[in-house]
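Heads up, the thing below is written out as structure tokens.
All of the numbers you see were taken from the coordinates with simple rules; none came from a lab. The model shown is predicted, which means the values in this text are computed figures rather than measured ones. Here the Cβ positions follow ideal geometry from the backbone for every residue, glycine too, while neighbour counts run over all protein chains shown.
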Amino acid sequence: MSTLYFATAAKSAVGLVRAGNEDSAMTSRFLIAVADGMGGHAAGEVASRLAIKTLAREAEAFTQIDCDIDSADDLYSSSLSVIDATLSEHVIENPELAGMGTTLSSLFLRGGSVAALHIGDSRIYRLRGNTLEQLSTDHTVIQELLSQGAITEADVATHPQRSVLTQVLMGDGRNEPSLAIHEAKINDRYLLCSDGLTNVVSDKEIKSAIKGKARGAAADALVDAAYINGAPDNVSVIVADVLDNDIQEPIAMLGAAK
């Protein structure tokens, strides 16, 4: 199979309520990622930026063409532990940032497949043909309750624990990386996004925004939809198409990672 590449369009916006952007994101020809930081005194901004910058640095090794897939997957998976250790070191040096954390959702395109690393509630979607599928599972109390059948979708909007995460990168070494591998097909379209999108825009609206549009128009439509619905949080989106021709996508940083 020929080498596959990402062609991307991305956007990160502050929203209508927040004073600053605690989201960070990166795009490149083989790796894309979104991180949503949390913590007071600008700590969320620091956490998401460290996550994305550290992942980009680690990617210099595992995205090399001559790195075999098994080695690349091991390095990619272990990057979460490296990020976690980096957060811990930063808090030791800057105690005022204690309690900061970040989600991280990323995709690594290698060979004929795409590997996913995910922690938190920033989501990964795939549009294949007419089917939009959420590939990630939210690491939230709400998702656990939904999976157990303890609540219904109708209960989510008013549930007091709707924003509580069960997994997040905080530098505490508690998270065990889990790598999910998916088949990659030419013309698959992926969406990575922070919950600033999914908390106010439905899956149906997301599908309508990204189907049949150019990448840039799709990214704009997603952010516009969040703003139309009040944009109470930062919103970051990456729209990535799988191609078999290399358009020499440069590494780009967005949000707090710029």
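Please work out the C-alpha center-to-center distance from segment 206-250 to segment 1-73 and express it in whole Å. Value for the Cα centre distance between the two parts: 15 Å.
Net charge dipole, segment 151-258: roughly 180 debye, given to the nearest 20, about the Cα centre with Cβ charges of +1 for Lys and Arg and -1 for Asp and Glu.
Here the chain is assigned +1 on the Cβ of each Lys and Arg and -1 on the Cβ of each Asp and Glu. Its dipole about the Cα centre then comes out at about 820 debye. Over segment 47-90, Cα pairs under 8 Å with separation of 6+ residues give a relative contact order of 50 percent.
Here the 3J(HN,Hα) profile of segment 69-74, calculated from phi with Karplus coefficients 6.51, -1.76 and 1.60 at θ = phi - 60°, is 4, 4, 5, 4, 5, 4 Hz, Gly and Pro shown as x. Normalising by the residue count of segment 103-227, find the relative contact order in percent from Cα pairs under 8 Å and 6+ residues apart. Averaging sequence separation for qualifying contacts and normalising by length gives 29 percent for segment 103-227. In a DSSP loop and with at most 12 other Cβ atoms within 10 Å, the trypsin sites (Lys or Arg not before Pro) in segment 88-179 are Arg174. Extending 7 Å from Cα along the Cβ direction at Glu176 and again at Glu144 yields two label points whose distance is 1.6 nm. Dipole check for segment 1-96: with +1 at the C-beta of Lys and Arg, -1 at the C-beta of Asp and Glu, and the Cα centre as origin, the magnitude is about 540 Debye. Note on the chain: dipole from Cβ charges, positive end direction compared against Tyr76, Ile210, Ala19; the farthest Cα belongs to Ile210. Residues in segment 197-214 carry Karplus couplings, in order, of 8, 6, 6, 10, 10, 6, 4, 4, 5, 4, 4, 4, 6, 9, 7, x, 10, 5 Hz; the curve used is 6.51 cos²θ - 1.76 cosθ + 1.60 with θ = phi - 60°, and Gly or Pro positions show x. Over 29 Å between Cα atoms: which of Lys53/Lys204; Lys185/Lys258; Lys11/Lys185 fall into that group? Violating the 29 Å Cα-Cα cut-off are Lys53/Lys204; Lys185/Lys258. Pairs of Cα atoms nearer than 8 Å and 6+ residues apart set the relative contact order; for segment 198-258 it is 31 percent. Sites listed here are trypsin sites (Lys or Arg not before Pro) in segment 197-241 whose DSSP assignment is loop and whose Cβ has at most 15 other Cβ atoms within 10 Å: Lys211. Couplings for segment 114-123, taken from phi via the Karplus curve 6.51 cos²θ - 1.76 cosθ + 1.60 with θ = phi - 60°, read 10, 9, 10, 10, 8, 8, x, 10, 6, 9 Hz in order; Gly and Pro are left as x. For segment 142-209, the square roots a ≥ b ≥ c of the C-alpha gyration tensor eigenvalues yield an a/c of 1.5 or more together with a/b not exceeding b/c, which makes the shape oblate. Would you look at the GNM of the chain, springs on alpha carbons closer than 10 Å, and say which of Gln134, Gln167, Gln248 moves the most? Result for the chain, Cα springs under 10 Å: Gln248 fluctuates most.
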